[in-house]
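What follows is a short report on a single structure.
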Amino acid sequence: GENVEQHPSTLSVQEGDSAVIKCTYSDSASNYFPWYKQELGKGPQLIIDIRSNVGEKKDQRIAVTLNKTAKHFSLHITETQPEDSAVYFCAASSEEYGNKLVFGAGTILRVKS
Amino acid sequence: DAGITQSPRHKVTETGTPVTLRCHQTENHRYMYWYRQDPGHGLRLIHYSYGVKDTDKGEVSDGYSVSRSKTEDFLLTLESATSSQTSVYFCAISGQAGGYTFGSGTRLTVV
C-alpha cells in the first residue's frame, strides 16, 4: 500500500519569510495530493490540492508542486503570517485503492512575529 | 464543519467498557471515514464506508467495528476499550474522488 513521508516534523520561520514542507510517496499509482491545515482543537481543513496531471498549483500565498518522476510534492507558503501557525498534513490517494487518503505524519509550523 | 458533526466531543471511559462514537453528515456524501490521530503518526484510517451497509477495514482496524445503517450516520464502536485506544478520532466525508471534509474530532481517554 501507499506510504507517505513528510519533512520536517517542525518548522519555525520569521514572519514574512517563506516556508516549505516536503512529502514523498511510494505508490506510483497515486494521482491525488491534498494538503490540510489543522488548528488547535479543530479538524484538518483542506487548503490546496493537486492532481497528477498538473505540475504546480497556486492559491494566493500558497502553492503546491508535484514531481511525479521523483514521487515527491511540496507545499510552499510565502509571506508567512502568525495565523499560518498550525499543523500541516500532506496526503496521497489513488483510484486503484479506492481513493482512500494516506497521510504524512504532519509538520508543526510556527511563525514568529 | 460543512455539514458534519461528531459526538461526543470528549469522553473518558474505563478500560473494558464499550464505547460508541457517532458521525453525522447532512451532505448526502457516499463515502465516510474514521481516522485516529496520534502524535508522530498523523492520521491513520480505522474503517471506511462507501455506502449504506458497505464498510471495509483500514490500516488500524483491530479492536474497532463500524456500522452504517443510514447515509447520514457512521458509527465507530470500541467493543472493549483499552488504553492504547486513547486518541483523537476524526470522521471525514467525501463525494467522488477528491478531498475530505473532517469533523471537529472526539477526544477519547481510556483510563
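Any read-out appearing in this document is the output of simple, stated calculations on the displayed coordinates, not a laboratory observation. Since we're looking at a predicted model, the values are computed, not measured. Every residue, glycine as well, gets a Cβ built from its backbone with ideal geometry; the counts of neighbours run over all protein chains shown.
Given their separation in residues at 0.36 nm each and the Cα-Cα distance between them, B:Thr15 and B:Ser69 gain 16.7 nm when the chain is fully extended. Across the protein assembly as shown, the volume of the C-alpha convex hull divided among the residues equals 115 Å³ per residue.
Over the whole of B:31-42, what's the average partner chain Cβ count within 10 Å per residue? Rounded to a whole number, please. Don't skip to the end; give the middle numbers.
Values: counts 3, 0, 2, 0, 4, 0, 7, 1, 2, 3, 3, 13.
Partner Cβ neighbours, averaged per residue: 3.
Charge dipole of the range A:9-49 (Cα centre as origin; +1 on each Lys and Arg Cβ, -1 on each Asp and Glu Cβ, all else neutral): 100 debye, rounded to the nearest 20.
Ranking A:Leu40, A:Leu11, A:Leu109, A:Leu75 by Cβ neighbours within 10 Å, fewest first, what do you get? Working shown, then result.
On the way: A:Leu40 7, A:Leu11 17, A:Leu109 21, A:Leu75 25.
Fewest to most other Cβ atoms nearby, the residues stand as A:Leu40, A:Leu11, A:Leu109, A:Leu75.
For the range B:20-60, treating each Cα as an identical point scatterer without solvent, what Debye log10 I(q)/I(0) comes out at q = 0.24, 0.31 1/Å? With one equal scatterer per Cα and no solvent, log10 I(q)/I(0) is -0.89, -1.13. Backbone amide hydrogens, once placed in the peptide plane, bring A:Gly104 within less than 5 Å of A:Cys90, A:Ala91, excluding anything fewer than 5 places away on its chain. In this rough spin-label picture, where each label sits 7 Å from Cα along the Cβ direction, the A:Ser52-A:Lys112 distance is 4.1 nm.
Cα convex hull of chain A: how many Å³ per residue? Each step should come with its number before you reach the end.
Values: hull volume 10.3 nm³, N = 113.
Enclosed volume per residue, from the Cα hull, is 91 Å³.
Put simply, the convex hull of the Cα atoms in chain B casts, on average, a shadow of 6.3 nm². Taken about its Cα centre, chain A carries a charge dipole of roughly 40 debye when the Cβ of each Lys and Arg holds +1 and the Cβ of each Asp and Glu holds -1. Report the paramagnetic label zone for A:Gln14: residues of the range A:91-113 whose backbone N is under 13 Å from a point 7 Å from Cα along the Cα-to-Cβ axis. Residues A:112-113 qualify, since their backbone N sits under 13 Å from the label point.
For the range B:1-59 and the range B:79-111, what is the centre-to-centre distance using only Cα atoms, to the nearest Å? About 4 Å separates the Cα centre of the range B:1-59 from the one of the range B:79-111. Averaged over the residues of A:24-35, the number of partner chain Cβ atoms lying within 10 Å of the residue Cβ comes to 1.
Just to confirm a number: summing +1 for Lys and Arg and -1 for Asp and Glu over residues other than A:Ser26 whose beta-carbon lies under 10 angstrom from that of A:Ser26, what do you get? Here the charged neighbours net out to -2. Once backbone amide H atoms are built at 1.01 Å from N, A:Asp27 has A:Asn3 as its partners under 5 Å, excluding neighbours fewer than 5 places away on the same chain.
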